[in-house]
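Next up is a structure, given as structure tokens.
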């Protein structure tokens, strides 16, 4: 099986997955991703948050609204166009839970990321996106290895697909407090805009 039908089968299997429950990693499964066959962009995040846990739509909370604003800055006509052209998924497909302090989400456990890896690999193999947007340090490291955001954001890597790293749009992310890092973000968004313009010619 190939093409759109194979993607639908993969998506259905992902939505039904409960491996991390069986292994005691999380108490409930809510696999979250969104996208269509033919999307030229593929965005990889870290994991869904509590809002996404309820909506089952990736980047639907405050960080998602900021991400949408970034993409309009990049040159997409609207958040709706960005999401139409972009398959959005994450390293961990289910909400990992809140941290003990209650002021943020848990970092995805390595075991959960490993369990979810074949979903991401399968989507990339089927979709063959032209551009990978890597959001946050974990997603960047998954594809580019360890390294500093300062050395990655504002540049593009590879050509099959082109990979564009971004910081996480969470309001808790202090990285963008530095004006130099905000400039790096502006450069990264310009790269994404140029790629959009080329792909939509």
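Any read-out appearing in this document is the output of simple, stated calculations on the displayed coordinates, not a laboratory observation. On a predicted model such as this, the values are computed, not experimentally measured, just so you know. When we count neighbours, we look across all protein chains shown, and the Cβ atoms used for this are built from the backbone with ideal geometry, even at glycine.
Kindly indicate the residue of the stretch 55-83 that is in a loop (DSSP other than H, G, I, E, B) and over 15 Å from the mean Cα position of the chain (by Cα) and also nearest to residue 43 (Cα to Cα) among those meeting that condition.
76
Still on this structure, please answer the following. Give me the residue from the stretch 98-125 that is assigned to a helix (DSSP H, G or I), free of Cβ contacts under 8 Å to residues at least 40 places away in the same chain and over 14 Å from the mean Cα position of the chain (by Cα) and, out of that set, surrounded by the fewest Cβ atoms within 10 Å (Cβ to Cβ).
So the residue we want is 110.
Would you mind stating whether residue 194 is more than 23 Å from residue 50 (Cα to Cα) and over 17 Å from the mean Cα position of the chain (by Cα)?
Taking the combined requirement at face value, the residue satisfies it.
Which condition does residue 152 not pass, out of (1) farther than 13 Å from residue 89 by Cβ; (2) surrounded by fewer than 21 Cβ atoms within 10 Å (Cβ to Cβ), if it passes all the others?
All conditions pass for residue 152, except number (2).
Tell me which of these residue 201 doesn't satisfy, since it passes every other one: (1) surrounded by 21 or more Cβ atoms within 10 Å (Cβ to Cβ); (2) within 27 Å of residue 4 (Cα to Cα); (3) without any contact (Cβ under 8 Å) to a residue 24 or more places away in the chain.
So residue 201 meets the others, but not (1).
Limited to the stretch 73-84, what total is found for residues that are within 21 Å of residue 123 (Cα to Cα) and surrounded by fewer than 23 Cβ atoms within 10 Å (Cβ to Cβ)?
Of the residues in that region, 2 qualify.
If you don't mind, another one. Looking only at the stretch 148-167, filter to residues that are in a loop (DSSP other than H, G, I, E, B) and out of contact with any helix residue (DSSP H, G or I) (no Cβ under 7 Å at 6 or more places or on another chain); which one of those is nearest to residue 58 (Cα to Cα)?
My answer is 161.
Out of curiosity, is residue 57 closer than 29 Å to residue 186 by Cβ and either surrounded by fewer than 16 Cβ atoms within 10 Å (Cβ to Cβ) or in contact (Cβ under 8 Å) with a residue 24 or more places away in the chain (or both)?
yes
Can I ask one more? Report yes if residue 95 is more than 30 Å from residue 190 (Cβ to Cβ) and touching a residue at least 12 places away in the same chain (Cβ under 8 Å), otherwise no.
So residue 95 fits the description; yes.
Let me ask something additional. Could you give me the residue pairs with C-beta distances under 7 Å whose first residue belongs to the stretch 69-92 and is in contact (Cβ under 8 Å) with a residue 12 or more places away in the chain and on the phi > 0 side of the Ramachandran plot, whose second residue is surrounded by 15 or more Cβ atoms within 10 Å (Cβ to Cβ) and assigned to a helix (DSSP H, G or I) wherever it lies, and which are 6+ apart or on separate chains?
75/193; 75/196
What number of residues in the stretch 14-44 are in contact (Cβ under 8 Å) with a residue 60 or more places away in the chain and in a helix (DSSP H, G or I)?
Summing the residues that are in contact (Cβ under 8 Å) with a residue 60 or more places away in the chain and in a helix (DSSP H, G or I) in the stretch 14-44 gives 3.
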